[in-house]
Amino acid sequence: MNTVTLETTLVCPACGHEAPETMPTDACQYFYECGGCGALLRPEAGDCCVYCSYGSVPCPPVQQDGNCSC
């Protein structure tokens, strides 16, 4: 069984603001408001959530089996 990391750092593509976040294990997060510039982040095409698009670590389901179960 793989160890799952729940801590990630989200980086806003608009302003570069970095924010440490704890990822949920039971849901995907589709929207995230940047604490720096207020931009509403959405997953990039092909990604299941904002953590996979803008985080330093992908979401827990992707870490576990390479697929998002959301």
Out of all the residues in segment 5-35, which are at pLDDT 90 or above and of a type in the set (A, V, I, L, M, F, W, C)?
Leu6, Leu10, Val11, Cys12, Ala14, Cys15, Ala19, Met23, Phe31, Cys34
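How many of the residues in segment 44-70 are assigned to a loop (DSSP other than H, G, I, E, B) and within 16 Å of Glu21 (Cα to Cα)? Give the steps one after another, and end with the answer.
Of all residues in segment 44-70, those assigned to a loop (DSSP other than H, G, I, E, B) come to 44-49, 56-59, 66-70.
Add one more test, that the residue is within 16 Å of Glu21 (Cα to Cα), and what stays is 49, 56-59.
Selection size over segment 44-70: 5.
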Answer yes or no as to whether Tyr54 is touching a strand residue (DSSP E or B) at 6+ places or on another chain (Cβ under 8 Å) and surrounded by 11 or more Cβ atoms within 10 Å (Cβ to Cβ).
yes
Listed residues Val4, Val50; which is in contact (Cβ under 8 Å) with a residue 60 or more places away in the chain and of a type in the set (Val, Ile, Thr)?
Val4
Quick one: count up the residues across segment 37-51 that are under 12 Å from the mean Cα position of the chain (by Cα) and surrounded by 12 or more Cβ atoms within 10 Å (Cβ to Cβ).
8
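Mind listing just one residue for me: the one in segment 7-36 that is in contact (Cβ under 8 Å) with a residue 40 or more places away in the chain, among the hydrophobic types (A, V, I, L, M, F, W, C) and surrounded by 14 or more Cβ atoms within 10 Å (Cβ to Cβ) and, of those, nearest to Asp65 (Cα to Cα)?
Quick first cut of segment 7-36, residues in contact (Cβ under 8 Å) with a residue 40 or more places away in the chain only: 7-13, 27-28.
This time we only want the ones that are among the hydrophobic types (A, V, I, L, M, F, W, C), so: 10-12, 27-28.
Cutting the leftovers down to surrounded by 14 or more Cβ atoms within 10 Å (Cβ to Cβ) gives us 10-12, 28.
Details: Leu10: 22, Val11: 24, Cys12: 26, Cys28: 15 Å.
That would be Cys28.
The values are calculated or read from the model by the stated rules, or taken from the named source; none is laboratory data. Bear in mind that the values here come from a model prediction, so they are computed numbers and not experimental data. Every residue, glycine as well, gets a Cβ built from its backbone with ideal geometry; the counts of neighbours run over all protein chains shown.
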